[in-house]
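To keep things clear, I will list the structure first and then write my remarks on it.
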Amino acid sequence: MKVLVTGGAGFIGSHLVDALIEKGYQVRILDSLVEQVHGGKIPDHLNKEAEFIRADICDAEAVRKALEDVEVVYHQAAEVGVGQSMYEIVRYVKANDLGTAVLLEEMTKKPAQFKKLIVASSMSIYGEGAYRNPKTGEIVYPQLRTDEQLANHQWEVMDKDGTELEPIPTSEEKPLFPTSVYAVSKQDQEQYCLAVGRAYKIPTVALRYFNVYGTRQALSNPYTGVCAIFSARLLNGQKPLIFEDGNQTRDFVHVSDIVQANLLALEKEEANYQAINVGTGIPTSVKEIAQMLAKGLGKDIEPEIVGKYREGDIRHCVADITKARKLLGYEPKVRLEEGLRELLDWIKDQKPEDRVATATVELMTRNLVK
Ligand code: UD1
């Protein structure tokens, strides 16, 4: 069976390609090798057994060729910087929205050809996670914290009655409230795929990835996520810069568990036309990540709590993975300690350029870090 992986040269896509090849699938990659991620070069990790087409997802003719004889499509191609999406809006909308539109339009020309479409969605579409009011027991879906509250360094999310809310696992039922152009475009990708899939009877699954980490993260790209950013800084002997107070939490999921969910989504019919969280269900604070990484590298570098905050940032979001367990038979396998150890072993041999300072200045001049 032939499988197309868009974005198959990237961090998550390339791990997925390796796993598919190992399972005996014939794999074709469509990837434009975005300069910011790949420096315009074919990455060393690109699987030699995969067929590689270097082209833009918005190039309909290239997409048409890439889809020839393909029965399964994994749509992983996307621009992924949340902060950057707020000033390079056209670039993000083009790659993520228009790119998905081009792919789907080409697929609708021969819908019967496709047995499955699996699209990479994101926890970013939730905005804030789900919470409970400890006084009333009520489940609350708050919107973003106010500027006034953040300016006063009151970081936790409050209910209307002034009670500090307790984070609880976020299920797929939570109303969506994307807070960046990136997040809106991820919501679009998910919904375009599910809507077109349903209409044309192409079984479609959207996987909502939580905070993914692992080898092959683009370390020199300051927009990749906190694990890669902190690792790159520590390796260059610099302090990780922590926004807010460092007690904000996320669900850090190892890339191999993301791959596991993608393989299961291909096999399981129960998952068709569903959006499913992929995380671990375990919250970890940003401060803990900084400490674990510094310890792992044997560096005595304390993070710097800058007390500033990023526009559109959420406080807590951790996956409720009940649905993934039920529909996919998914069970996260890699513990954070183990996964970070592997990340660090790999990072030691990398020579990451630290572009975080420049990126932060970029965000500050636009008033996106305050
Ligand atoms: C966002 C997206 C997510 C995407 C991820 C990586 C949202 C809600 N989610 O996640 O879909 O996969 O980016 O692109 O938009 N932090 C620091 N110092 C830093 C960098 C980050 O303290 O140098 C903090 C942030 O303020 C945040 C946390 O670390 O509180 C996590 O940030 P990040 O890794 O960028 O991911 P998210 O914003 O959670």
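The values are calculated or read from the model by the stated rules, or taken from the named source; none is laboratory data. Small disclaimer: the values here were computed from a predicted structure and weren't measured. Glycine also receives a Cβ, built like all others from the backbone with ideal geometry; neighbour counts cover every protein chain displayed.
A single entry from 288, 311, 337 fulfils the requirement of being acidic (Asp, Glu), at pLDDT below 95 and surrounded by fewer than 17 Cβ atoms within 10 Å (Cβ to Cβ): 337.
Go over the candidates 278, 253 one by one and state the one that is among the β-branched types (Val, Ile, Thr) and within 11 Å of the ligand (Cβ to nearest atom).
Values: 278 fails: within 11 Å of the ligand (Cβ to nearest atom).
When all the criteria are applied, what remains is 253.
Any idea which residue in the stretch 125-149 is nearest to the chain's Cα centre (by Cα), counting only those that are buried (at least 17 other Cβ atoms within 10 Å of the Cβ) and of a type in the set (A, V, I, L, M)?
First pass over the stretch 125-149, keeping only residues buried (at least 17 other Cβ atoms within 10 Å of the Cβ): 125-131, 133, 140, 142, 144-145.
Retained after the next criterion (residues that are of a type in the set (A, V, I, L, M)): 125, 130, 140, 144.
On the way: 125: 11, 130: 19, 140: 24, 144: 20 Å.
Looking at residues that are buried (at least 17 other Cβ atoms within 10 Å of the Cβ) and of a type in the set (A, V, I, L, M), I get 125.
Take the conditions (1) charged (D, E, K, R); (2) at pLDDT below 95; (3) buried (at least 23 other Cβ atoms within 10 Å of the Cβ); residue 251 misses just one of them, which is (2).
So, in the stretch 226-256, exactly how many residues are of a type in the set (Val, Ile, Thr) and assigned to a helix (DSSP H, G or I)?
3
Restricting the stretch 20-40 to residues that are in contact (Cβ under 8 Å) with a residue 40 or more places away in the chain and part of a helix (DSSP H, G or I) leaves a set whose member that is surrounded by the most Cβ atoms within 10 Å (Cβ to Cβ) is 20.
Suppose we filter 224, 215, 204 for residues that are surrounded by fewer than 22 Cβ atoms within 10 Å (Cβ to Cβ) and either near the ligand (Cβ under 9 Å from one of its atoms) or closer than 30 Å to residue 269 by Cβ (or both); which single one remains? Even if it seems obvious, please write down each step before you answer.
Details: 215 fails: either near the ligand (Cβ under 9 Å from one of its atoms) or closer than 30 Å to residue 269 by Cβ (or both); 204 fails: surrounded by fewer than 22 Cβ atoms within 10 Å (Cβ to Cβ).
Just one listed residue meets the conditions, 224.
May I ask you to list the residues in the stretch 99-121 that are assigned to a helix (DSSP H, G or I) and surrounded by fewer than 17 Cβ atoms within 10 Å (Cβ to Cβ)? Across the stretch 99-121, the qualifying residues are 105, 108, 111, 112, 113. A Cβ distance below 8 Å, combined with a sequence gap of six or more or placement on separate chains, defines the contacts here; from the stretch 317-332, residues that are among the charged types (D, E, K, R) reach residues that are in a loop (DSSP other than H, G, I, E, B) in the pairs 320/169; 320/171; 320/172; 320/281; 323/171; 323/172; 325/331.
When the residues of the stretch 44-97 are narrowed to those that are assigned to a loop (DSSP other than H, G, I, E, B), among the aliphatic types (A, V, I, L, M) and within 16 Å of the ligand (Cβ to nearest atom), which ends up nearest to residue 23 (Cα to Cα)? Lay out the reasoning, then the answer.
Applying the first criterion (assigned to a loop (DSSP other than H, G, I, E, B)) to the stretch 44-97 yields 44-50, 55-59, 68-71, 76-83, 87-88.
Then keep just the ones that are among the aliphatic types (A, V, I, L, M); that gives 46, 50, 55, 57, 70, 77-78, 80, 82.
After this cut, where a residue has to be within 16 Å of the ligand (Cβ to nearest atom) as well, the list is 77-78, 80, 82.
Values: 77: 22, 78: 25, 80: 28, 82: 33 Å.
In this case the residue turns out to be 77.
Within the stretch 169-186, the residues that satisfy the criterion of being buried (at least 19 other Cβ atoms within 10 Å of the Cβ) and touching a residue at least 60 places away in the same chain (Cβ under 8 Å) are 169, 170, 179, 180, 181, 182, 183, 185, 186.
Among the numbered conditions (1) in contact with a helix residue (DSSP H, G or I) (Cβ under 6 Å, 6 or more places away or on another chain); (2) assigned to a helix (DSSP H, G or I); (3) under 22 Å from residue 319 (Cα atoms); (4) modelled with pLDDT under 95, the only one that residue 187 does not meet is (4).
Just to be sure before I move on: is residue 183 within 14 Å of the ligand (Cβ to nearest atom), in contact with a Cys (Cβ under 8 Å, 6 or more places away or on another chain) and farther than 30 Å from residue 297 by Cα in the structure I sent? Here the answer is no, as residue 183 does not meet what is asked.
In the stretch 147-168, the residues that are under 15 Å from residue 244 (Cβ atoms) form Cβ pairs under 7 Å with partners that are modelled with pLDDT under 95 and not polar (S, T, N, Q), at six or more places apart or across chains, as follows: 150/309; 153/307. For residue 17, the conditions (1) closer than 17 Å to residue 80 by Cα; (2) crowded, with 24+ Cβ neighbours inside 10 Å all hold with the exception of (1).
Give 264, 343 a once-over and let me know the one that is over 30 Å from residue 193 (Cα atoms) and crowded, with 18+ Cβ neighbours inside 10 Å. Break it down stepwise before answering.
Details: 264 fails: over 30 Å from residue 193 (Cα atoms).
One residue alone meets the criteria, 343.
In the stretch 41-66, of all residues being within 22 Å of residue 25 (Cα to Cα) and of a type in the set (Asp, Glu), the one that is surrounded by the most Cβ atoms within 10 Å (Cβ to Cβ) corresponds to 51.
Only one entry in 307, 296 is on the phi > 0 side of the Ramachandran plot and either within 14 Å of the ligand (Cβ to nearest atom) or of a type outside the set (Ser, Thr, Tyr) (or both), namely 307.
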